Amino acid sequence: MAEFTGTPSGADRRFAVVASQFNIDIVEPLVDGALDALVRHGASSGDVDVVWVPGAWELPLAARRLLASERYHALIVVGAVIRGDTPHFEYVAGEASRGLRKASEDFDVPIGFGLLTCDNKEQAQARAGGVHGNKGWNAALAAMQMADIFDRLDASDEG
């Protein structure tokens, strides 16, 4: 029985961090966390691109364009959708999440999911370097681990 476990390694891999400019005070720490995780786990800063889009709605389309380039081993997507008084939150958060999942499936490339969906700004701040850690860091770790698992699976197919 073969068993595969990936390790979060950025060495010799290319990544893109796709970030929403909306709620930038929340998103910038998420980007910083993702970049810190990538570099601390061996990624060269020259092998990491950061792409800023207007809002969460645009994240899936940007992710698809980046994945179509075939340049990246994984993407890390960060943003913050905060509930308001209208149903806008459900549409943006749900469709952005579905679009990112579909992009990952369609291109067979991992996407680390760091899109916060919170009821209020305090919850978002707690997840952007506050008491709940930095979900940008976590998304980067997941992306690196999945890229490593994919490489291991591909290598086992060759052997």
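The values are calculated or read from the model by the stated rules, or taken from the named source; none is laboratory data. Here the structure is a predicted model, which is why all the values come from computation and not from measurement. Using ideal geometry, Cβ is built from the backbone for each residue, glycine included, and neighbour counts are taken over all protein chains shown.
If we scan the range 101-118, do we find a residue that is in contact with a strand residue (DSSP E or B) (Cβ under 8 Å, 6 or more places away or on another chain), farther than 23 Å from M146 by Cβ and not in a helix (DSSP H, G or I)?
Yes: the range 101-118 contains one or more residues that are in contact with a strand residue (DSSP E or B) (Cβ under 8 Å, 6 or more places away or on another chain), farther than 23 Å from M146 by Cβ and not in a helix (DSSP H, G or I).
Just name the residue that is surrounded by the fewest Cβ atoms within 10 Å (Cβ to Cβ) out of those in the range 117-154 that are aliphatic (A, V, I, L, M) and farther than 26 Å from A68 by Cβ.
This residue is V131.
Does the range 142-153 hold any residues that are more than 9 Å from the chain's Cα centre (by Cα) and over 10 Å from F4 (Cα atoms), and which are they?
Once the filter is applied, which keeps residues that are more than 9 Å from the chain's Cα centre (by Cα) and over 10 Å from F4 (Cα atoms), the range 142-153 yields M144, Q145, M146, A147, D151.
If you go through the range 45-81 one residue at a time, how many are out of contact with any Cys (no Cβ under 9 Å at 6 or more places or on another chain) and in contact (Cβ under 8 Å) with a residue 40 or more places away in the chain?
So the answer is 17.
Determine, yes or no, whether A128 is hydrophobic (A, V, I, L, M, F, W, C), under 16 Å from the mean Cα position of the chain (by Cα) and either at pLDDT 95 or above or farther than 16 Å from F22 by Cα (or both).
Yes; evaluated as a whole, the condition is true for this residue.
Does G84 meet the test of being assigned to a helix (DSSP H, G or I), small (G, A, S) and farther than 17 Å from L141 by Cα?
No.
In the range 20-31, what residues are buried (at least 24 other Cβ atoms within 10 Å of the Cβ) and either assigned to a strand (DSSP E or B) or not hydrophobic (A, V, I, L, M, F, W, C) (or both)?
Of everything in the range 20-31, just one residue is buried (at least 24 other Cβ atoms within 10 Å of the Cβ) and either assigned to a strand (DSSP E or B) or not hydrophobic (A, V, I, L, M, F, W, C) (or both), namely S20.
Among residues belonging to the range 1-19 that are among the aliphatic types (A, V, I, L, M) and in a strand (DSSP E or B), point out the one that is surrounded by the most Cβ atoms within 10 Å (Cβ to Cβ).
V18
So which residues in the range 1-17 are closer than 30 Å to W57 by Cβ and either touching a Phe, Trp or Tyr at 6+ places or on another chain (Cβ under 8 Å) or charged (D, E, K, R) (or both)?
Correct list: R13, R14, F15, A16.
State all residues of the range 44-64 that are of a type outside the set (A, V, I, L, M, F, W, C), under 22 Å from Y91 (Cβ atoms) and surrounded by 14 or more Cβ atoms within 10 Å (Cβ to Cβ); if no residue qualifies, say none.
Correct list: G55, E58, P60, R64.
Given the residues A34, A63, A68, which is the only one that is more than 15 Å from the chain's Cα centre (by Cα), at pLDDT 95 or above and within 21 Å of A103 (Cβ to Cβ)?
Residue meeting the stated conditions: A68.
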